[in-house]
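Each remark here refers to the structure printed beneath this line.
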Amino acid sequence: DLERLSYQVDLTAAGYWNAVPNENFNLRIFAATKKFQLENGLRETGTVDPATVDRVRALAAPMYDLWGLQSIRHPFRRVSIWAPLGLGMATTRNEYGISMNDPRGRARLDFTTVPNVRIENNYAAVISEMSSAGSYFHFKTIRNGWYVISFSRPDGTDGYARYHQDGGNITGFTFYWR
């Protein structure tokens, strides 16, 4: 449902949700909603009522403007993602897709397709590489042809990766920020 997804995106922009929006209302969204309500002077019910939606949107709107979120297409796959173009990101095309870098070093977005790999193999390789580098995992899961990893590197860089099986390839993104 588009309204549930929009609410979760707004909750993310307001700083209360750090997961991929989904169509289900679960206990994590309930807890995030209660925390938001408590910290914003609303009745702490966990229920997504009109007052909560309005207040979340009001807090999210300036962040959307600041980030300059725009939809971008992968250069050779039929998929798009939202990217924070308001950060002045410079885009470079490469053999796997595109890389967007903030000249001030605040963020980087890699939107890539890796050919001829199974999602399970890529997930295992990425987890192994991150673990060897000393990364801390906030969340990681693999399910039904996709995976998500939320992590922090020892140098203070945070990151979020989401990839899907795309035929014989995998396609997705990794977003890094400081």
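Calculate log10 I(q)/I(0) of region 96-149 for q = 0.14, 0.16, 0.25 Å⁻¹, where I(q) comes from the Debye formula with a single equal point scatterer on each Cα and nothing for solvent.
Each listed q maps to, in turn, -0.49, -0.64, -1.15.
Just to confirm a number: summing +1 for Lys and Arg and -1 for Asp and Glu over residues other than Pro84 whose beta-carbon lies under 10 angstrom from that of Pro84, what do you get?
For residues surrounding Pro84, the net value is 0.
Counting Lys and Arg as +1 and Asp and Glu as -1, what is the net charge of the other residues whose Cβ lies under 12 Å from the Cβ of Ile127?
-1
Students sometimes get this wrong: rank Phe173, Phe139, Phe151 by accessible area, probe 1.4 Å, all chains present, largest first.
From most accessible down to least: Phe139, Phe173, Phe151.
Evaluate the Kirkwood expression for the hydrodynamic radius of region 86-178, namely the inverse of the mean inverse distance over all pairs of different C-alpha atoms, and round to one decimal in Å.
After inverting the mean inverse Cα-Cα distance, the result is 13.7 Å.
Quick one: in region 1-67, what % of C-alpha pairs are over 21 Å apart?
13
Over the chain, give the accessible area per residue in Å² for a 1.4 Å probe, as an integer.
58
Would you work out the charge dipole size for region 5-98 about its Cα centre, treating the Cβ of every Lys and Arg as +1 and the Cβ of every Asp and Glu as -1, and quote it to the nearest 20 debye?
260
So, how do all the Cα-to-Cα distances of the chain break down into 5 Å bins, in percent, from 0 on up?
1, 8, 14, 18, 19, 18, 13, 6, 3, 1, 0
Which percent of the accessible heavy-atom area of region 1-87 goes to carbon and sulfur, probe 1.4 angstrom?
So the carbon and sulfur contribution to the accessible surface is 55 percent.
Can you list the residues of region 6-30 with backbone N under 17 Å from a point 7 Å past the Cα of Glu44, pointing along Cα to Cβ?
16, 28-30
Assuming R0 = 22 Å, can you tell me the calculated FRET efficiency for the pair Ser152 and Phe30, based on Cβ-Cβ distance, to the nearest 0.05?
Calculated value: 0.30.
The values are calculated or read from the model by the stated rules, or taken from the named source; none is laboratory data. Only a predicted model underlies this, so the values are computations on that prediction, with no experimental measurement involved. Here Cβ is always computed from backbone atoms with ideal geometry, including for glycine, and neighbour counts include all displayed protein chains. Each accessible area value is taken on the protein alone, full model and side chains, heavy atoms only, with ligands, DNA and RNA left out. Shrake-Rupley method; radii C 1.70, N 1.55, O 1.52, S 1.80 Å.
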